[in-house]
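Asker: Quick one: this structure, given as structure tokens, is what I'll be asking you about.
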Amino acid sequence: MNMVNLKIDNINVTVPDGTTILEAAKKVNVNIPHLCYHPDQAVKANCRVCVVDVAGSKKLAPACSSYVYEGMEVQTNTKKVRDMQKGILELILANHDQDCLKCLRSGNCELQALCQRFNISKTNLDETIEALPLDNTNPSLVRDTAKCIKCDRCVEACQKVQEVHALTHSHRSVHYNVAPAYEMPLEQTFCVLCGQCSAVCPVGAIVEKDDTAMVWDAIQDPKKHVIVQVAPAVRVALGDMFNLPKGSIVTGQMVAALRRLGFDKIFDTNFTADLTIMEEGNELIQRLTKGGTLPMITSCSPGWINFIEGRYDHLLDHLSSCKSPQQMFGALSKSYYADITGIDPKDIYTVSIMPCTAKKFEAKRPEMKTNGVQEVDAVLTTRELGRMIQSAGIDFVGLEEDQFDNPFGIGTGAGAIFGATGGVMEAALRTAYEVITGKELPALEFKGVRGLEGIKECTVDIDGLELKVAVAHGLGNAKKLLKQIDSGESPYAFIEVMACPGGCIGGGGQPIKSTMDVKAKRIDAIYHIDEDLPLRKSHENPAVKELYEKFLGAPLGHKSHELLHTHYHSRGMKYNFKELMNK
Amino acid sequence: MNSTETKSFGVLTRDLALKIDSIIEKHQSNSTKLIGILLDIQDVVPRQYIPREVAAYVSEKMNIPLSKTYDVISFYAALSDVPRADYIIQLCDSVVCKVTDNTVLLNTITNLLGINEREATADGKYWLEYTPCFGACDISPAIRINGKVYGNLTTEDSIKAALSQYK
Ligand code: SF4
Ligand code: SF4
Ligand code: SF4
Ligand code: FES
Ligand code: FES
């Protein structure tokens, strides 16, 4: 690789050819202001706040889109540069509904941080911000265009990564806008509520719907028995909210914090992840041996379910009929748990802590009811839990570690890896192998399905039965596998799909700044959790075994069907052009 | 993602869909000709605009995401995403027409029809919009009604005469 020498603020830097000034500056601890730049995305160069002075050029150059050359001399802090940057920020603010004190992004807003850095706030007070009505009609996300700085990051997430194309830029010049086509609310588009847009937005223009008030109320209500489940991906990300090193495993502190917040019982979604494997694994075995639609595709990611139910509803037979671990937990909380504790299901308030905004939607699906009550009453994202802990004044980092409660407190390593892309597949293979062959697996790890490659595949030899499987994360990748199925060319028996890049550890509800580097660290942490656990196969989970003995009977049995399975159905989102033409 | 019913149609009919099919075919389904295709389609849609259902139909036919089609529609002034009218009055506001004083023209139309720029009359008959020079400078000030040019419109009578051909 060709190396280039240059000077940034009189500091010598050597970087590979093809590096931008902005990235070169990072190497020598110079943080050039930026808003549209995102390390995982293409260069957009539309905000212009990153301008710098390059010797020999009269015009200031955008650092995010200008490449270094040998002998280049860059100044990032001259008066000319600072005045320009300040001017740009003031222009942005003039059209920005600046209400930081009650904005969910206050404290981790990139615009706010820059305004602080330049010591400016809104100058002209004429309140003529051109904005669309607040879009808050869906259960997951709130879009507020009065705060949008039109950087296009969400558009890239939605179009290039997810290939959903719910969001687009539109109109031009002063009317330039970022919104769904025809300015529809998200709910009336093919938006899958994955929240990837909210994860990359530099400001508070797309945020999770905040449900913390509801949960505070429930905790305060003496008539309610409030229980909480925590998804596998939360424990390796929550630490970000408290400035811990990325990928820190904070399971113990997290349980302690939940206890202090006042939850009556604290349970682990890893438990129902194991249960999902028992049901889904047996469903796969049944389809393989007795015949059934193949490839079978996993159903634990509600963003993915929204995608297939909306756009690819002709392929719904491929989905496993299993509910997601969140909903399995919810169903058990309002049946089995109510039975053994003697509490009326109506008085049990079930909260889940999820890395995901689409889970909020899933919990509200009308069919997700058990014993006449909603299975999961409230879903908080990792970000919302972090804010609750902050709001309660709990010193998270100093907390003594605590443990999950029984009967839903035991999860195996197989349940733990659900949080990473490939994890459900690996967990299912560990169980399917042993159930089909009756033999112990020679090696537990299925390395072929791990990692951040967009589509992973491997062939597993189960006592002579060759099983071809694939794993996709990010809906753009999932779409490729669906197209194969559509054309009858899919070679797979089993496919795992997670809507979010990296799997749940990269979910749309995870702490802000979950870049690809951070995701890789979380994945490492997840596999560490797996390695450190004494039990690493779902079918060996003693609490799961007990649940089958005492309550459910056998996997795919009558009770399972009633509580743990569902019927995924078309959402009727498409215009029916065929019917029109046949009139 | 909440709808439970298949979307129904307000504007798109089988007839219109067939017309759209032949327009797309005329342009060899070539997505680089999207603007031309949309302009032609707009001409055959009542009130001369591209509603969402029509944009969705075109998008599906041409295998383009609706978001992209909408981006194009909203970018070009000649394409409208809101209903216009049976007769589109385009008032040139380029330099020559300005010099020859198109304000009389504008005021007269506004008075006669009771509409401002980018507005339609209540009966959905007339729509008024600005447009850049369309090459009628020699007979400026000029307007176009549904594409037909009328020039030398300096008096109220001449304007009335032009409008009277569209009832
Ligand atoms: S988006 Fe940022 S600058 Fe705007 S109100 Fe929220 S915190 Fe403040
Ligand atoms: S939630 Fe997902 S699908 Fe919906 S707009 Fe955001 S990125 Fe697109
Ligand atoms: S919503 Fe956020 S990410 Fe999208 S353009 Fe606006 S500021 Fe950028
Ligand atoms: S960060 Fe460079 S132009 Fe936006
Ligand atoms: S300036 Fe009006 S037609 Fe040319």
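Asker: Determine the pairs where a residue that is within 24 Å of A:K519 (Cα to Cα), located within segment A:349-373, has a partner that is within 16 Å of ligand 1 (Cβ to nearest atom) and assigned to a helix (DSSP H, G or I) with Cβ atoms under 8 Å apart, the partner being 6 or more residues away or on another chain.
Answerer: Going by the 8 Å Cβ cut-off, the qualifying pairs are A:T357/A:S198.
Asker: Among the residues of segment A:171-183 satisfying the criterion of being buried (at least 17 other Cβ atoms within 10 Å of the Cβ) and either hydrophobic (A, V, I, L, M, F, W, C) or outside the structural domain of A:R153 (by TED's automatic domain parsing) (or both), which is farthest from A:P133 (Cα to Cα)?
Answerer: Top of the filtered list is A:A181.
Asker: OK, next. So, in segment A:312-369, of the ones that are among the polar types (S, T, N, Q) and more than 19 Å from A:D268 (Cβ to Cβ), which residue ends up surrounded by the fewest Cβ atoms within 10 Å (Cβ to Cβ)?
Answerer: Just the residues of segment A:312-369 that are among the polar types (S, T, N, Q), to begin with: A:320-321, A:324, A:326-327, A:333, A:335, A:341, A:350, A:352, A:357.
Filter again for more than 19 Å from A:D268 (Cβ to Cβ), leaving A:320-321, A:357.
On the way: A:S320: 22, A:S321: 17, A:T357: 33.
Looking at residues that are among the polar types (S, T, N, Q) and more than 19 Å from A:D268 (Cβ to Cβ), I get A:S321.
Asker: Separate question: Would you list the strands (runs of 3 or more DSSP E) that sit entirely within segment A:149-252 and hold 3 or more residues that are away from ligand 2 (no atom under 16 Å from the Cβ)? First the steps, then the outcome.
Answerer: Values: elements: A:168-170, A:177-179, A:206-208, A:225-230.
Those strands (runs of 3 or more DSSP E) span A:225-230.
Asker: Do we have A:C201 as more than 27 Å from A:H528 (Cβ to Cβ), within 16 Å of ligand 3 (Cβ to nearest atom) and within 14 Å of chain B (Cβ to nearest Cβ) here?
Answerer: Numbers: more than 27 Å from A:H528 (Cβ to Cβ): yes; within 16 Å of ligand 3 (Cβ to nearest atom): yes; within 14 Å of chain B (Cβ to nearest Cβ): no.
When the stated conditions are applied, A:C201 does not pass them.
Asker: How many residues does segment B:15-53 contain that are free of Cβ contacts under 8 Å to residues at least 24 places away in the same chain, surrounded by 13 or more Cβ atoms within 10 Å (Cβ to Cβ) and within 18 Å of A:M581 (Cβ to Cβ)?
Answerer: 2
Asker: Pick out the one residue from B:K98, B:K68 that is within 14 Å of chain A (Cβ to nearest Cβ) and surrounded by fewer than 20 Cβ atoms within 10 Å (Cβ to Cβ).
Answerer: Working: B:K98 fails: within 14 Å of chain A (Cβ to nearest Cβ).
It is B:K68.
Asker: Another question, if that's okay. Pairs only if they're at least six apart or on different chains, beta carbon under 8 angstrom, first in segment A:97-112 and under 14 Å from A:I512 (Cα atoms), second polar (S, T, N, Q); list them, first residue then second.
Answerer: A:R105/A:Q112; A:S106/A:Q112
Asker: Here's another thing I want to ask about it. Just the residues that are assigned to a helix (DSSP H, G or I) and surrounded by 17 or more Cβ atoms within 10 Å (Cβ to Cβ), please, taken from segment A:101-110. Reasoning before the result, please.
Answerer: Residues of segment A:101-110 that are assigned to a helix (DSSP H, G or I), as a first pass: A:101-102, A:110.
A:E110, the sole residue that qualifies.
Asker: Tally the residues that are in contact with a strand residue (DSSP E or B) (Cβ under 8 Å, 6 or more places away or on another chain) and either surrounded by 13 or more Cβ atoms within 10 Å (Cβ to Cβ) or at pLDDT below 90 (or both), restricting the search to segment B:108-117. Before the answer, list the steps.
Answerer: Filtering segment B:108-117 down to residues in contact with a strand residue (DSSP E or B) (Cβ under 8 Å, 6 or more places away or on another chain) leaves B:109-110, B:113, B:115-117.
Those still in the list that are either surrounded by 13 or more Cβ atoms within 10 Å (Cβ to Cβ) or at pLDDT below 90 (or both) too: B:109-110, B:113, B:115, B:117.
Counting residues in segment B:108-117 that are in contact with a strand residue (DSSP E or B) (Cβ under 8 Å, 6 or more places away or on another chain) and either surrounded by 13 or more Cβ atoms within 10 Å (Cβ to Cβ) or at pLDDT below 90 (or both) gives 5.
Asker: While we're on this one: State all residues of segment A:551-578 that are of a type outside the set (S, T, N, Q), surrounded by 12 or more Cβ atoms within 10 Å (Cβ to Cβ) and under 30 Å from B:L16 (Cβ atoms); if no residue qualifies, say none.
Answerer: Within segment A:551-578, A:R571, A:G572, A:M573, A:K574, A:Y575, A:F577 meet the criteria.
Yes or no, residue by residue, for (1) in a loop (DSSP other than H, G, I, E, B); (2) within 15 Å of ligand 5 (Cβ to nearest atom); (3) more than 18 Å from the chain's Cα centre (by Cα):
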| position | (1), (2), (3) |
| --- | --- |
| B:L91 | no, yes, no |
| B:C97 | no, yes, yes |
| B:L105 | no, yes, yes |
| B:N116 | yes, no, no |
| B:L128 | no, no, no |
| B:N152 | yes, yes, yes |
| B:K160 | no, no, yes |
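Asker: In segment A:202-224, how many residues are out of contact with any Leu (no Cβ under 7 Å at 6 or more places or on another chain) and under 21 Å from A:S301 (Cβ atoms)?
Answerer: Final tally of qualifying residues: 0.
The values are calculated or read from the model by the stated rules, or taken from the named source; none is laboratory data. As the structure is a prediction and not an experimental result, all values here were calculated from the model. Note: ideal-geometry Cβ built from the backbone for every residue, glycine included; neighbour counts use all protein chains shown.
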